[in-house]
Amino acid sequence: MLDSVRVRLTLWYTAVLALVLVVLSLLTYFIFWRSTLQRTDVSLSELSEAFLTTLDAEVKDQTGPNSLKLAGQVAITEHRFRDHVFAIFDSAGNTVVSSQDVPPASPDTGSVASRALSSDSFQRFLDASSRSERLFGKVRGGEDGYRAFARHFSSAGKTYTLVILQSLHAQEEMLEEVTSTFAWVIPIALLLASVGGYFLARKSLAPVVAMSSQAGRIGAANLHERLAVQNDRDELGHLAMSFNSLLDRLSQSFERQQRFMADASHELRTPVAILRGEAEVALSQQTRSLEEYRESLGVLHHEAQRLTHIVEDLFTLTRADAGQYPLQPRDFYLDELVGECVHSARTLALAKKISLNFEGATESPIRADESLLRRMILNLLDNAIKYTPEGGRVTVTCRRAADQYIVSIADTGGGIAVELQPRIFERFFRADKARSRAENDGGGAGLGLSISRWIAEAHHGRLELTRSDSLGSTFTAHLPAASSPSVSSG
């Protein structure tokens, strides 16, 4: 049962509400008890003032040695209330007059007053009152005890102590009613709150259940479907939009994977078909000259090289995507590496009568994977030479700008159409497919620029097509001069 989020939310909600109600009940009970006690103390204080006023007036009208006792009896009679006990004591603690000396209003009143004034608790309170001008306290007796108040007053030059006891039975009954009210109100409130909380949690989580069901039905065949967003401003709406965004990325990745597999199959089919066809032709003839065999073997070797190059590029990109291509950084000079690459590509340029120039820079120390940067630069040079017409020019520059090195390779080819430029770094994309498939240029598979961009990004840099028009194209690589490359990149 606890596996359900609705049940757990309901239990947590009920537990927190129960804690709040219990704390609130205790706080309310304490405030109510303290307020009742304060009202009782104020009432006793005011009653003592009225009692002493009456006592003073009666003392003036009495004569003889028992004038105070007689005046006290009159005052007790006038201020007699139910559940109240009055007593006057002299400085020695002897009783001058008390409610026992007055005819009781009911048969039980006299016995109650007698028991209260003779209890040990009252004697301790009376002893304590001698050390204080005014004193409040509690005295045991009766059903629930008494609230006691003692104060000193003077009469005929002597000091006396007036003690008034008020029964706490009425207050205790009221507090018991409050407690019993809380005892049945809180469980009912918790029951109603838990039921309401469960249905509220169920209703609130209903969209999550619906999204879960809909998400469970989404597969490769219907990856285009999206979760319904009822309110894009609440948390569930954000969850649905985040999940839809995830589906968008998955759909794009799935489409790229399908396109990648289709393009890879297509690219591999061509050299494999040539290898198979050439081998079948060679095997179909019983007698062939040595030169014909050498020609067939040359075709097979050329296509095998092309096939090997495609497979190696695919393997590199696959490892890069999986984050399993470890980089091996070392310290070297970037300007020397660019110069070596230009020297290696000069043979290809001379074959097409292309002018290949390198505008070197000062020493350019860098920490990077030398073999990968060499591959990136050679890819860019091969690409520039391939698409530059005979008699054209390729210019390579390497310079430092602030905290990065900028390597630019510019050609004087026909440029790339504007609508094709955003796709130039896509895998297997070729701006001129007919030309790129020609045998005289090696039959590129359209992976060089993708690999080159990955190499730049693996070194925390970037590769951009900064210019492409009818006068030619320029590719620019930005490489950090200080930071080391990632250990692996995906």
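The values are calculated or read from the model by the stated rules, or taken from the named source; none is laboratory data. Nothing here was measured: the structure is a model prediction, and the numbers come from that model. No Cβ is skipped: glycine too gets one built from the backbone with ideal geometry, and neighbour counts run over all protein chains shown. Accessible surface areas use protein heavy atoms only, side chains included; no ligands, DNA or RNA. Shrake-Rupley method; radii C 1.70, N 1.55, O 1.52, S 1.80 Å.
For Gln286, which of the numbered conditions (1) open to solvent by 40 Å² or more (accessible area, probe 1.4 Å); (2) part of a helix (DSSP H, G or I); (3) not hydroxyl-bearing (Ser, Thr, Tyr) fails to hold?
Every condition holds for Gln286 apart from (2).
Which residues, counting only those in region 312-343, are among the aliphatic types (A, V, I, L, M) and surrounded by 14 or more Cβ atoms within 10 Å (Cβ to Cβ)?
First, pick out the residues of region 312-343 that are among the aliphatic types (A, V, I, L, M): 314, 317, 320, 322, 327, 334, 337-338, 342.
Residues satisfying the conditions are Leu314, Leu317, Ala320, Leu327, Leu334, Leu337, Val338, Val342.
For region 55-66, does any single residue satisfy the condition of being open to solvent by less than 70 Å² (accessible area, probe 1.4 Å), of a type in the set (S, T, N, Q), over 28 Å from Ser132 (Cα atoms) and over 49 Å from the mean Cα position of the chain (by Cα)?
The answer is yes, given that some residue of region 55-66 is open to solvent by less than 70 Å² (accessible area, probe 1.4 Å), of a type in the set (S, T, N, Q), over 28 Å from Ser132 (Cα atoms) and over 49 Å from the mean Cα position of the chain (by Cα).
Please enumerate the residues belonging to region 306-351 that are out of contact with any Cys (no Cβ under 7 Å at 6 or more places or on another chain) and within 13 Å of Leu378 (Cα to Cα).
Applying the first criterion (out of contact with any Cys (no Cβ under 7 Å at 6 or more places or on another chain)) to region 306-351 yields 306-333, 336-337, 339-351.
Scanning region 306-351 gives Leu337, Gly339, Glu340, Cys341, Val342, His343, Ser344, Ala345, Arg346, Thr347, Leu348, Ala349.
Results for (1) modelled with pLDDT under 80; (2) polar (S, T, N, Q); (3) over 41 Å from the mean Cα position of the chain (by Cα), shown as yes or no for each residue.
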residue: Pro422; (1), (2), (3): no, no, no
residue: Asp432; (1), (2), (3): yes, no, yes
residue: Arg435; (1), (2), (3): yes, no, yes
residue: Asn440; (1), (2), (3): yes, yes, yes
residue: His460; (1), (2), (3): no, no, no
residue: Glu464; (1), (2), (3): no, no, no
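Modelled with pLDDT of 85 or more, of a type outside the set (Phe, Trp, Tyr) and in contact with a Lys or Arg (Cβ under 9 Å, 6 or more places away or on another chain): which single residue out of Ser167, Ser180, Ser194 fits that description?
So the residue among Ser167, Ser180, Ser194 that is modelled with pLDDT of 85 or more, of a type outside the set (Phe, Trp, Tyr) and in contact with a Lys or Arg (Cβ under 9 Å, 6 or more places away or on another chain) is Ser167.
With respect to Val396, determine if the residue is under 20 Å from Leu465 (Cβ atoms) and surrounded by fewer than 20 Cβ atoms within 10 Å (Cβ to Cβ). Let's see the steps before the verdict.
On the way: under 20 Å from Leu465 (Cβ atoms): yes; surrounded by fewer than 20 Cβ atoms within 10 Å (Cβ to Cβ): no.
So Val396 does not fit the description; no.
Considering only residues that are open to solvent by less than 70 Å² (accessible area, probe 1.4 Å) and either of a type outside the set (A, V, I, L, M, F, W, C) or under 30 Å from Ala87 (Cα atoms) (or both), which ones fall in region 199-220? Walk me through it before giving the result.
Filtering region 199-220 for residues open to solvent by less than 70 Å² (accessible area, probe 1.4 Å) gives 201, 204-208, 210-211, 213-216, 218-219.
Once the filter is applied, which keeps residues that are open to solvent by less than 70 Å² (accessible area, probe 1.4 Å) and either of a type outside the set (A, V, I, L, M, F, W, C) or under 30 Å from Ala87 (Cα atoms) (or both), region 199-220 yields Ser204, Pro207, Ser213, Gln214, Gly216, Gly219.
Within region 269-283, can you find the residues that are within 60 Å of the chain's Cα centre (by Cα) and either farther than 21 Å from Asp382 by Cα or open to solvent by 50 Å² or more (accessible area, probe 1.4 Å) (or both)? Working first, answer last.
Residues of region 269-283 that are within 60 Å of the chain's Cα centre (by Cα), as a first pass: 269-276.
Of everything in region 269-283, those that are within 60 Å of the chain's Cα centre (by Cα) and either farther than 21 Å from Asp382 by Cα or open to solvent by 50 Å² or more (accessible area, probe 1.4 Å) (or both) turn out to be Arg269, Thr270, Val272, Ala273, Ile274, Leu275, Arg276.
Filter region 93-117 for residues that are more than 16 Å from Phe149 (Cα to Cα), modelled with pLDDT of 75 or more and loosely packed, with under 13 Cβ neighbours inside 10 Å and give the result.
Listed by number, the list holds a single entry, Asn94.
With the requirement that a residue be open to solvent by 70 Å² or more (accessible area, probe 1.4 Å) and either of a type in the set (A, V, I, L, M) or not in a helix (DSSP H, G or I) (or both), what does region 23-45 give you? Talk me through it step by step, then tell me what you get.
If we filter region 23-45 for residues that are open to solvent by 70 Å² or more (accessible area, probe 1.4 Å), which is where we start, we get 23-24, 26-27, 29-31, 33-34, 38-39, 42.
Val23, Leu24, Leu26, Leu27, Ile31, Val42 - these are the residues of region 23-45 that are open to solvent by 70 Å² or more (accessible area, probe 1.4 Å) and either of a type in the set (A, V, I, L, M) or not in a helix (DSSP H, G or I) (or both).
How many residues does region 217-265 contain that are among the small types (Gly, Ala, Ser) and assigned to a helix (DSSP H, G or I)? Let's see the steps before the verdict.
Start the filter on region 217-265 by keeping residues that are among the small types (Gly, Ala, Ser), which leaves 219-221, 228, 237, 240, 242, 245, 251, 253, 262, 264-265.
Among the residues that remain, those that are also assigned to a helix (DSSP H, G or I) are: 237, 240, 242, 245, 251, 253, 262, 264-265.
Qualifying residue count for the region: 9.
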